[in-house]
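Just below is one structure, and these are the notes that go with it.
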Amino acid sequence: MADLEFERRMNPWLFDGNGNLTEEAKKQFPDLAGANNAPVSLNTPGGGKTVAVNPGVLQQAAQNAFALRDAVKTECGQPGDHVNAAAGALKGWALGTVLPAFWGTWTSQSNGLQGTVGDIGTNLQTTAQGYAQTEKDVHAGFAQPSAKS
């Protein structure tokens, strides 16, 4: 079960005025809503150790990561068109000489974030596909008639 008090403090926009998860938050974060379609469940019914995975939720998380990667690229790159003009306008001032260096650092960090978020999306997608394929293979194995020895 998720720690909703922690989420209320860290992500208050997920909650309405009464402190309840919004419908959008429940859809986007089913584990917070206590839904049974969380990406991974470590429930142990009957005393045995099991892991249940919902590839669809992992795939959706991958798509969310890719969307975030694209948003980071778009949003963090917007000031770039204005940096050279600002540096030129501030010629003779210390800020005019260091502004391009700051922009270089910003660009490097932004590119690193894009790459990391993209890698997370790829890993989530690959994991979802792997679980789905394993499940398909297991079902196919059970569907085959057993060979008599």
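Points worth noting:
- Note on His82 and Leu95: their simple-model spin labels are 1.2 nm apart, each label 7 Å out from Cα toward Cβ.
- Within the accessible area of the stretch 78-149 (1.4 Å probe), percent carbon and sulfur: 61 percent
- Per-residue Karplus couplings for the stretch 55-62, computed as 6.51 cos²θ - 1.76 cosθ + 1.60 with θ equal to phi - 60°, are listed in order as x, x, 5, 5, 5, 5, 5, 5 Hz, Gly and Pro entered as x.
- Label-point separation in nm, Asp16 to Phe102, each point 7 Å along Cα→Cβ: 4.3 nm
- Ala140/Leu68 FRET efficiency (R0 35 Å; Cβ-Cβ; nearest 0.05): 0.50
- ³J(HN,Hα), Karplus 6.51/-1.76/1.60, whole Hz, each residue of the stretch 121-128, x for Gly, Pro: x, 4, 5, 4, 4, 5, 5, 4
- Note, ³J(HN,Hα) from phi for the stretch 21-32, Karplus 6.51, -1.76, 1.60, rounded to Hz, x at Gly and Pro: 4, 6, 4, 4, 5, 5, 6, 6, 10, x, 5, 5
- Ordering of 89-100, 19-30, 119-130 by packing is 119-130, 19-30, 89-100, highest average first (other Cβ atoms within 10 Å, averaged per residue).
- Phe15 long-range amide H proximity, modeled H, under 5 Å: Thr22
- About its Cα centre, the dipole of the stretch 48-149 is roughly 200 debye, where the only charges are +1 on Lys and Arg Cβ and -1 on Asp and Glu Cβ.
The values are calculated or read from the model by the stated rules, or taken from the named source; none is laboratory data. Please read all numbers here as calculations on a predicted model, not as lab measurements. A quick note on method: Cβ atoms are made from the backbone with ideal geometry, for glycine too, and the neighbour counts reach across all protein chains shown. Each accessible area value is taken on the protein alone, full model and side chains, heavy atoms only, with ligands, DNA and RNA left out. Shrake-Rupley method; radii C 1.70, N 1.55, O 1.52, S 1.80 Å.
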